[in-house]
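Below: the structure, in structure tokens.
The values are calculated or read from the model by the stated rules, or taken from the named source; none is laboratory data. None of the values given here were measured: they were computed from a predicted structure. Reconstructed Cβ throughout: ideal geometry from the backbone, glycine too, with neighbour counts over all protein chains shown. Heads up: the accessible areas ignore ligands, DNA and RNA and are worked out on the full protein's heavy atoms, side chains in. Shrake-Rupley method; radii C 1.70, N 1.55, O 1.52, S 1.80 Å.
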Amino acid sequence: MSDCGCDAHRAAPLKTLEEALDLLLSRAVPVQGRVSLPLAEARGRVLAEPVASRVTVPPWDNSAMDGYAIAVAGLDEGARLRVAQRIPAGVQGTPLGPGEAARIFTGAPVPPGADAVVIQEVCRQEGDEVVLLQVPRAGANIRRAGEDMRRGERLLEAGIRLGPQHLGLAAAAGLGELPVHRRLKVAVFATGDELVPPGQPLGPGQIYNSNESTLAALLEGLGCEVISLGIVADRFETTCEALTTAAARADLVMTSGGVSVGEEDHLKPAIEHLGTLDLWKLAMRPGKPLAFGHVDGTPFIGTPGNPVSLFVTFCLLARPFILRSQGVAGSVAPRPVWAEAAFDWPKPDTRREFARARLQLDEQGRGSVSLYPSRSSAVLSGLAWADGLAVLPEGRVISRGDRVAFLPYNELLT
Ligand code: AMP
Ligand code: MG
């Protein structure tokens, strides 16, 4: 237990979340090594260098609608033109002659001499002629060459995480592959003599190792390559061996449990023996202890054993560190949405609380946040019930109807 109240422990003040995050981010080094990946394999990867378009898009003026390409000058309502050609998408037309229109379809190049497309809904075709019931202004329904991008123009910056929208843009720009950072390798183990892998029978005093599944899935959600080292016994030597193996195989070592300063908590002495360690007591709830250090030059993050504490410290501290280590540039902090509290919070903690919460929308689209009844950091059911975390500031009473910050899981888990 670390809350013993002895001088040594009282001396270390709680670190704010902001201080801890600043420290972590200042130590994050983007992974070295990059690969060029086909677009189909690049989703979720981090772009390693800026890329430019190979082509101008669209390459030529083209029709935004199905209709008739015309030259507007001198035409009035009721004008009658000869339909001299038919231009579907993928076909290049010929120059428009005087008194002529071209039947044209969406995406087809506008023929030379035409300066507008009149939509088919306001035309009447009679034999090989078309009667214009309306005459549009010049330029109507034409998508201009280069409207989207120009050849050589920078399209995507280094450090973005590639989503479907970026991959589509790269494809439109003619890029078949993209340069990305290699995946961050993270070695993971859970500490605790009480732990048994799920699927096996439980003996007396034993519980299932849930943290390893949570941690591995959290890491995979961020695109990491996970190296699972299983369960490590609560012994100094075993812990040292596991740490050394993990550090040799990965870019980051992450563990669960054993980071308090009790007799059965061996991570602190093991890391101190092998490398360097900062053990932080954070002014947040759940998730007070967090260990950060290095083993043989490999960074180490030790999360608390309590399953909810692990989840919350991962989302708020490890995730930004991991994103930065993957080469993500720009903000890595989750963005809250604000909504009304559907609860009263009369007895705030002195630590900032991240409560398991749900966001609901009423018929007008107004959001309200409800809390899971249990605050225990051992109760996993609340995490699964929730769809985000409500941020309850230290020392602030909250009354029903007050605005509260809510961190949706989609800001925390990807
Ligand atoms: P520790 O941080 O090792 O003192 O563990 C704190 C609490 O979390 C204890 O109740 C442990 O039994 C529990 N715990 C530790 N590791 C795990 C794990 N991998 N899965 C589920 N619960 C765990
Ligand atoms: Mg333990």
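Annotations
- Residues satisfying the stated conditions in the stretch 133-145, i.e. touching a strand residue (DSSP E or B) at 6+ places or on another chain (Cβ under 8 Å) and surrounded by fewer than 16 Cβ atoms within 10 Å (Cβ to Cβ): 133, 134, 137, 138, 139
- Of the criteria (1) farther than 30 Å from residue 53 by Cβ; (2) open to solvent by 60 Å² or more (accessible area, probe 1.4 Å), which one residue 130 fails: (2)
- Taking the criterion of being crowded, with 17+ Cβ neighbours inside 10 Å and within 14 Å of ligand 2 (Cβ to nearest atom), the residues of the stretch 210-224 that qualify are 211, 212.
- Some residue of the stretch 376-389 being within 24 Å of the chain's Cα centre (by Cα), within 22 Å of residue 283 (Cα to Cα), away from ligand 2 (no atom under 16 Å from the Cβ) and not hydrophobic (A, V, I, L, M, F, W, C): yes
- Residue in the stretch 309-320 that is within 25 Å of the chain's Cα centre (by Cα), within 15 Å of ligand 2 (Cβ to nearest atom) and part of a helix (DSSP H, G or I) present: yes
- Any pair with Cβ under 8 angstrom, 6 or more apart, that starts in the stretch 137-148 at a residue that is free of Cβ contacts under 8 Å to residues at least 12 places away in the same chain and ends at one that is of a type outside the set (S, T, N, Q) and open to solvent by 50 Å² or more (accessible area, probe 1.4 Å): none
- The stretch 225-251, subset of a type in the set (A, V, I, L, M, F, W, C) and under 17 Å from residue 264 (Cβ atoms), residue surrounded by the most Cβ atoms within 10 Å (Cβ to Cβ): 243
- Filtering the stretch 271-288 to residues that are more than 18 Å from residue 251 (Cβ to Cβ), within 16 Å of ligand 1 (Cβ to nearest atom) and open to solvent by less than 30 Å² (accessible area, probe 1.4 Å) leaves 280, 282, 284, 286, 287.
- Failed item, numbered, when residue 233 is tested on (1) within 11 Å of ligand 1 (Cβ to nearest atom); (2) over 20 Å from residue 320 (Cα atoms); (3) of a type in the set (Gly, Ala, Ser): (1)
- For the stretch 298-308, the set of residues classified as within 13 Å of ligand 1 (Cβ to nearest atom), open to solvent by 10 Å² or more (accessible area, probe 1.4 Å) and either under 19 Å from residue 220 (Cβ atoms) or part of a strand (DSSP E or B) (or both) consists of 307 only.
- Test: residue in the stretch 253-267 that is in a loop (DSSP other than H, G, I, E, B), under 16 Å from residue 28 (Cβ atoms), open to solvent by 40 Å² or more (accessible area, probe 1.4 Å) and in contact with a strand residue (DSSP E or B) (Cβ under 9 Å, 6 or more places away or on another chain): no
- Selected residue (criterion: farthest from ligand 2 (Cβ to nearest atom)) from residues of the stretch 186-209 that are on the phi > 0 side of the Ramachandran plot and without any contact (Cβ under 8 Å) to a residue 60 or more places away in the chain: 199
- Residue match in the stretch 166-185 (condition: open to solvent by less than 10 Å² (accessible area, probe 1.4 Å), within 16 Å of ligand 2 (Cβ to nearest atom) and in contact (Cβ under 8 Å) with a residue 24 or more places away in the chain): no
- Residues that are open to solvent by 40 Å² or more (accessible area, probe 1.4 Å), touching an Asp or Glu at 6+ places or on another chain (Cβ under 9 Å) and not in a loop (DSSP other than H, G, I, E, B) within the stretch 68-102 comprise 80, 82, 84, listed in sequence order.
- Residue in the stretch 179-191 that is within 16 Å of ligand 1 (Cβ to nearest atom) and over 25 Å from the mean Cα position of the chain (by Cα) present: yes
- The conditions of being within 16 Å of ligand 1 (Cβ to nearest atom) and either of a type outside the set (S, T, N, Q) or in a loop (DSSP other than H, G, I, E, B) (or both) are not met by residue 152.
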